[in-house]
Amino acid sequence: MERPTLYVTRLLPRPVLDSILGQYRMLTEPTDLPPKEEELRHGFAEAQAVICTLTDRIDASLLSQAKRLKIIANYAVGYNNIDLAAAAQRGIVVTNTPDVLTDATADLTWGLMLALMRRIVEGDAWVRTGTWPGWTPTQMLGADVSGKTLGIVGMGRIGQAVAQRAAGFRMPVIYAGRESVCNPPGISWVWRSLDEVVAESDCLSLHVPLTESTRHLIDRRKLALMKPTAYLINTSRGPVIDESALVSALEARTIAGAGLDVYEHEPTVHARLRSLPNVVLLPHLGSATLGTRVRMGFICLDNIAAVLGGRPAPNRVN
Ligand code: DGY
């Protein structure tokens, strides 16, 4: 029997590729580079299933050529890169990879928070120059983390995983978003309005999906509400913050600093942001552990097997 055709837009971890090669006919040999427009169009026109990534823009025009396509398995939990309605109109199932990247993203959020507030990246760079003169009481003083108020915007899976880790730092958690989250025993998470969370947090961490209502959710006005001693962390999607307004706030020191894993115009990072000392900047590493990326691949494959086998996709989003 002929194997189903699968188009994979980007190189995936070896165990996932091996599994694909055993079951599908791959349309092209994926690489680490984004596919050229022409290749993307050919892939969507020919394949029965596609695995794509968050940087591939899947719009109505591309989907209009996808005559044989049954499923788009997005290799990400976020799916703002895909026109869901256009896919649904053509009967194409869209799936994502929830749960398996929750811990990795929450861990990285904490890494970013600690690196920023305790100036870890700056310290590492200094030691490497060979000019560190030795310990002094006033050297590289950062901000206390333990006991400070953590604000979470978006209390979904990742927001809750970040909040759970705050217990170890004895940090009270306030959050904005849906009200009905279930506090783990012995921990108090307090719901507040978005403005209150923004204004009261010592560290504000964003965990909302990118939608029309969350684009520039953190704008000039919200940044002005933040304490001058507060830090902003974003491991969700770049456009949730108005990046120009953030740069102005950081330059004027109306907030203390920002830890960013995502950017408004990825992979371009605002030039003035790159020159600021009070930021830690990562290259979208939220889910970047080998185990997580392998699990994400297998979720894509489970969803594809279900749809091509005539069963409901476990992680359908449209
Ligand atoms: C996601 O899955 O949405 C992440 O941003 C990928 O790292």
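Things worth noting here:
- Residue count for the range 176-203 under the criterion of being within 20 Å of Val240 (Cβ to Cβ), aliphatic (A, V, I, L, M) and in a strand (DSSP E or B): the result is 1.
- Enumeration of residues in the range 270-294 that are within 16 Å of the ligand (Cβ to nearest atom) and assigned to a loop (DSSP other than H, G, I, E, B): Leu282, Pro283, His284, Leu285, Gly286, Ser287, Ala288, Thr289
- Just one of (1) within 16 Å of the ligand (Cβ to nearest atom); (2) more than 16 Å from Thr149 (Cα to Cα) fails for Ser248. It is (1).
- Criterion: more than 18 Å from Ile299 (Cα to Cα) and either in contact with a His (Cβ under 9 Å, 6 or more places away or on another chain) or assigned to a helix (DSSP H, G or I) (or both) - qualifying residue of Leu17, Leu33, Leu40: Leu40
- Test for Thr211: is it surrounded by fewer than 18 Cβ atoms within 10 Å (Cβ to Cβ) and either away from the ligand (no atom under 16 Å from the Cβ) or free of Cβ contacts under 8 Å to residues at least 12 places away in the same chain (or both): no
- Residue, farthest from the ligand (Cβ to nearest atom), within the range 99-123, restricted to residues that are assigned to a loop (DSSP other than H, G, I, E, B) and crowded, with 18+ Cβ neighbours inside 10 Å: Arg119
- For the range 1-8, the criterion of a residue being free of Cβ contacts under 8 Å to residues at least 60 places away in the same chain, at negative phi, aromatic (Phe, Trp, Tyr) and surrounded by 15 or more Cβ atoms within 10 Å (Cβ to Cβ) is satisfied by at least one position.
- Among all residues of the range 62-77, there is at least one that is over 18 Å from Thr28 (Cβ atoms), of a type in the set (A, V, I, L, M, F, W, C) and part of a helix (DSSP H, G or I).
So that you can scan it fast, the table gives a plain yes or no per residue for (1) hydrophobic (A, V, I, L, M, F, W, C); (2) more than 23 Å from the chain's Cα centre (by Cα); (3) at pLDDT below 95:
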{"site": "Val173", "(1), (2), (3)": "yes, no, no"}
{"site": "Glu179", "(1), (2), (3)": "no, no, yes"}
{"site": "Gly186", "(1), (2), (3)": "no, yes, yes"}
{"site": "Trp189", "(1), (2), (3)": "yes, no, yes"}
{"site": "Glu196", "(1), (2), (3)": "no, yes, no"}
{"site": "Leu210", "(1), (2), (3)": "yes, no, no"}
{"site": "Asp219", "(1), (2), (3)": "no, no, no"}
{"site": "Tyr231", "(1), (2), (3)": "no, no, no"}
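The values are calculated or read from the model by the stated rules, or taken from the named source; none is laboratory data. Everything numeric in this text was worked out from a predicted model, so none of it was measured. Using ideal geometry, Cβ is built from the backbone for each residue, glycine included, and neighbour counts are taken over all protein chains shown.
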